[in-house]
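A quick write-up on the structure given underneath.
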Amino acid sequence: MNGEELTEQETALYDRQIRFCKNIVLAGVGSLTLNDDNPVTEEALAANFLIPFDENMGGGGSLAGLCCDCLKDFNPMVHVSVEKGDLSSFDVDFFQKFDVVVISCCSLAAKKLVNEKCRKLSKRVAFYTVDCRDSCGEIFVDLQKYAYAKKKADETVECQLQYSSFEEAIAIPWRSLPKRVSKLYFAMRVVERFEEVERRKPGETSIEDLPKVLKLRNELCLAHSLNESQIPDSLLERLVVSTKEFPPVSAVLGGILGQEVIKAISGKGDPLKNFFFFDAVDGKGLIEDISTS
Amino acid sequence: MASGQQLSAIKGAKVLMVGAGGIGCELLKTLALSGFHDIHIIDMDTIEVSNLNRQFLFRQSHVGQSKAKVARDAVLRFRPNISITPYHANVKDSSFNVDFFKQFSVVLNGLDNLDARRHVNRLCLAADVPLVESGTTGFLGQVTVHIKGQTECYECQPKPAPKTYPVCTITSTPSKMKGVVKDPDLLSIDHHGTGFVHCIVWAKDLLFAKLFGDKKQDNDLNVRSNDAATSSDHSEDIFEPKKDEDIQQYANRVYDHVFGHNIQTALSNEETWKNRNKPRPIYVKEVLSDEPIQQNGNAEKSLVNDNLSSLSAMTYLGLKNPQDIWSLKENTRVFFAALKLFFSKRQKEIGNLTFDKDDSLAVEFVTAAANIRAASFNIPLHSLFEAKGIAGNIVHAVATTNAIIAGLIVIEAIKSYLDVAMWTCRVTCYNISGMKWTSFSVAGTDGVGMTYCLEHPSRKMLLMPVEPFEPNESCYVCSETPLLLEVNTNRAKLRDLVEKVVTSKLGMSLPLITHGSSLLYEVGDDLEEDEVANYAANLEKVLSELPYAITGGTIITVEDLQQELVCNINIKHREEFDEEKEPDGMVLHGWTPAPATEKNEDATDNNNGASTSSAAKPAADVMEADDELSIIEPGIETISAGGKKRKLSDVPNSEAPLDEKRAKKIPEKPESDGDVIVMLDDGNDDIRDSSTVV
């Protein structure tokens, strides 16, 4: 079972004296809402928080429904519910209920859409995306305008961060990004764009697509005045060919994401701004700030 | 990454997990999901209620059952076709011998104590099986891979024994202490930086103990209470309630005494304060000046009449959030409310109480008392939540860290199994970094060191891989280098050698000591009666008077057959030993010396391996944090990207001098590419109190 939502719940409930505000979706104390618009398949699909479940679980029912039952079992104090339907079709008011929204394995269009809806609300809804491909993972964070207090030496300092939306972030021209920015960022954008252009579901790529993907990479690099070597063939091949999640990487990302959500909900701790990348091959887990501020 | 076929090759791997706790549960789940088909788990514990919120494979109904077995059952439910073999046993048991270990492709540790880790390390070396070690403490985590002959073994870097903290006069068993601090009022300030922790220790081990614990115990508060300068009656115990005193009056008196009078008296000694900031005395009437001190009547009546099923000062006062930092006034109110609640509702327990972190009233009292004292010494106040963590010796276990670490363990396990060459990377070690740490240690009442860490992310690299280091050629465990022992052979007994060196420092469970070809001592359940008697007799003999005398120049051999570890020790006779610095009366050399730092006066090669450096700790354990007492060795290993140790990728032929090869464990500045430092120790800008690790 993916460690994500579980560990969040656990963290939230670790100390019996911690109390979070009621309307939290994730991090378990209040309620958790799962959404999926697919029957159980081997791949993990969800628009809210995701649990790639046991692949052997056949039968009918939605993925979210199954997860819901299991989650309730972990902690009866958490109200876990299921929301059916296509996330993209939910209107802004739907998201009003939540303080945090996490989406995974969604198309570029869906990401942008949900992110925008979260931003339209008068209250701040924290928005996260998490994606795993091959043995890589990417997390994106949008806390909009985020103010928090932290202790420095003997005093409490007020901090304020300004986040970009996903759309804003990825629109930043590549050449104006620092040279050291993780190659994985660019590679994910290429694959994302490929899936958009070819109208594929997230993760619906294979080795046959590689030539086209490489070509797309070349085009994008040209447009962004970026050297092609910044997005190595081998990396793209990995992302295109093995799209199934790799459980240990999911565990790592889930843990990182869990920590972030807890921080955002509790208002304590420096939040991640705004991308996180992990590649099991080199073992690095890097934070990149790709934003307009 | 490894292709599908390589990953399916994992099915052929046989994995041993040692430990089924916090890391263990996450690890087993991830291993199963990742395609491992043959997993063995050893864990000697049974499930407790406090495990349930984190060790997610367990349920309420499982309390009391074997962790290994329940974990196995839980995972089989979602992976019914794999093989998981549980062992409800101690990994040090003799049935887990070298042959047992040899059957595995890789061993994964999820342990919480140094002793077991060393044991497993030795068996893995003997069996030539890769070992993946790990630990978590709060938001920090570490994964290291150990492959015989290629990398360091787990013991190549010394893990210092827990430090006892010089302040620990505050328990009633002085024998556990190293040195005595005579004036409890100096507690909070002598140990620069660890101010609030000391306030907690004072509040818990002195005041709480004095008020609610065993009156017969010696308590250093008596030092002040019986101050001859102020009291004509030397034997008057301030803490004894007077005849016509009601509870509030008593409480006021106690308050004024410990926070006012005692401080006042301490201030009168000018010498003390020459180089220290002076505390200020605090009296009730100045804190609660704007309200009548309720001597009797209403407040108390409501206490008595209230049916407080959960006795809580906070509830009584309407304080809702344990993460709030109370003002001095609020702390004072909590102090009084808690004290009154104890005396009015828990009268029977008074005189027998020991502090229990799960006793919320006790925690409230200790928090309040510590905070008032902190206010007196101008130390920042803390919330109940934080105070509880310190007082309960807990580093709050963070489940998300375990999940991350488990993921990294599996990645490394796969790499080591598939043969590193298949991947384009080497075996790596990880630190979960990006967190800036403040750590400081204090000894709990059992003399064990504890490290309390705070988190503060500050760098770009959250997960930092580090190339593993070559084996330490002087490691007595994996490189068979002889050790040197300085000892007074005319005074020390064989027993001392066994207890202070062989079983403790060398970590041998079933030792065998030979001198030449004669067996001086051994442990085993297959010994004859006369052999046992003979060994018992030998234990009581002075070294130079043993049948085959151990004197200067002798070489003895110490071995543990189960661990397949053999050590030679050269004996050097020495007459005198410093009682304070070398209390064992013997000094063992051959431990990789801890690096000397500016703050470290006594870090020399000659340490008993015990009280080594203060700051910039050499490698120590990052333990799995658990709800129960986290016994965490002080200091945490710092591996910087620019470490001076030779890495596997370095040209192996160069003959670097010994110093260069020796790891410099001083936290270093990051290289300019922004790689992170894991500053786990002193040297950090701390968040509150400064951070001397003593």
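The values are calculated or read from the model by the stated rules, or taken from the named source; none is laboratory data. Because the structure is predicted, anything quoted here is derived from the model rather than measured. Methodologically, a virtual Cβ is constructed for each residue, glycine included, from the backbone with ideal geometry; neighbour enumeration extends over all protein chains shown. Please note that ligands, DNA and RNA were not included when accessible areas were found on the heavy atoms of the full protein model with its side chains. Shrake-Rupley method; radii C 1.70, N 1.55, O 1.52, S 1.80 Å.
Here is how the numbers come out for the structure above:
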item: Leading residue by the ranking (nearest to the other protein chains (Cβ to nearest Cβ)) among those in the range B:26-62 that are under 14 Å from B:L111 (Cα atoms) and at pLDDT 90 or above; result: B:L27
item: Enumeration of residues in the range B:90-111 that are open to solvent by less than 30 Å² (accessible area, probe 1.4 Å) and within 18 Å of B:K69 (Cα to Cα); result: B:V91, B:F96, B:L108, B:N109, B:G110, B:L111
item: Selection count, the range B:72-84, where residues are part of a loop (DSSP other than H, G, I, E, B) and either β-branched (V, I, T) or loosely packed, with under 15 Cβ neighbours inside 10 Å (or both); result: 3
item: The one condition in (1) part of a helix (DSSP H, G or I); (2) in contact with a strand residue (DSSP E or B) (Cβ under 9 Å, 6 or more places away or on another chain) that B:Y521 fails to fulfil; result: (1)
item: Residue in the range B:241-249 that is in a helix (DSSP H, G or I) and modelled with pLDDT under 85 present; result: no
item: The lone exception for B:T151 - which of (1) open to solvent by less than 20 Å² (accessible area, probe 1.4 Å); (2) over 30 Å from B:E480 (Cβ atoms); (3) at pLDDT below 95 it fails; result: (2)
item: Positions within the range B:336-392 being over 25 Å from the mean Cα position of the chain (by Cα) and not in a helix (DSSP H, G or I), in sequence order; result: B:R346, B:I350, B:G351, B:N352, B:F377, B:N378
item: Members of the range B:20-71 that are part of a loop (DSSP other than H, G, I, E, B), buried (at least 24 other Cβ atoms within 10 Å of the Cβ) and hydroxyl-bearing (S, T, Y); result: none
item: Subset of the range A:89-148 [in a strand (DSSP E or B) and touching a Gly at 6+ places or on another chain (Cβ under 8 Å)]; result: A:V130, A:D131, A:R133, A:Y148
item: Selection status of A:I290, within 17 Å of the chain's Cα centre (by Cα) and either within 11 Å of chain B (Cβ to nearest Cβ) or in a helix (DSSP H, G or I) (or both); result: no
item: Filtered residues of the range A:262-287 (kept if part of a loop (DSSP other than H, G, I, E, B), within 19 Å of the chain's Cα centre (by Cα) and facing another protein chain (nearest Cβ under 8 Å)); result: A:D270, A:L272, A:A280
item: Close pairs from the range B:241-266: first over 18 Å from B:K329 (Cα atoms), partner polar (S, T, N, Q) and open to solvent by less than 40 Å² (accessible area, probe 1.4 Å), Cβ under 7 Å, at least 6 apart; result: B:I263/B:S376; B:A266/B:T272
item: Test: residue in the range A:274-291 that is in contact with an Asp or Glu (Cβ under 8 Å, 6 or more places away or on another chain), touching a residue at least 60 places away in the same chain (Cβ under 8 Å) and under 20 Å from A:V157 (Cα atoms); result: no
item: All positions within the range A:241-261 that are more than 7 Å from every other protein chain (Cβ to nearest Cβ) and either part of a helix (DSSP H, G or I) or at pLDDT 85 or above (or both); result: A:V241, A:S250, A:L253, A:L257, A:E260, A:V261
item: Search result, residues across the range B:346-366 that are closer than 22 Å to B:I247 by Cα, basic (K, R) and either buried (at least 17 other Cβ atoms within 10 Å of the Cβ) or touching a Phe, Trp or Tyr at 6+ places or on another chain (Cβ under 9 Å) (or both); result: B:R346
item: Flag for A:V213 being farther than 27 Å from B:M461 by Cβ, β-branched (V, I, T) and crowded, with 21+ Cβ neighbours inside 10 Å; result: yes
item: Options B:A399, B:A369, B:A406; residue that is at pLDDT 95 or above and crowded, with 21+ Cβ neighbours inside 10 Å; result: B:A369
item: Residues that are under 18 Å from B:E486 (Cα atoms) and small (G, A, S), drawn from the range B:535-568; result: B:S544, B:A549, B:G552, B:G553
item: Selection within the range A:156-195 - touching a helix residue (DSSP H, G or I) at 6+ places or on another chain (Cβ under 8 Å) and among the β-branched types (V, I, T); result: A:I170, A:V190, A:V191
item: Selection count, the range A:100-156, where residues are buried (at least 21 other Cβ atoms within 10 Å of the Cβ), acidic (D, E) and farther than 21 Å from A:V252 by Cα; result: 0
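Here's the yes/no breakdown for (1) modelled with pLDDT under 90; (2) crowded, with 22+ Cβ neighbours inside 10 Å; (3) touching a His at 6+ places or on another chain (Cβ under 8 Å); (4) in the same structural domain as B:S94 (by TED's automatic domain parsing):
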position	(1), (2), (3), (4)
B:C475	yes, no, no, yes
B:K493	no, no, no, no
B:L512	no, no, no, no
B:S518	yes, no, no, no
B:Y521	no, yes, no, no
B:E528	yes, no, no, no
B:L539	no, no, no, no
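For (1) surrounded by fewer than 16 Cβ atoms within 10 Å (Cβ to Cβ); (2) part of a helix (DSSP H, G or I); (3) within 14 Å of chain B (Cβ to nearest Cβ); (4) over 18 Å from the mean Cα position of the chain (by Cα), each residue gets a yes or a no:
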position	(1), (2), (3), (4)
A:V181	no, no, yes, yes
A:E196	yes, yes, no, no
A:P202	no, no, no, no
A:L235	no, yes, yes, yes
A:L239	no, yes, yes, no
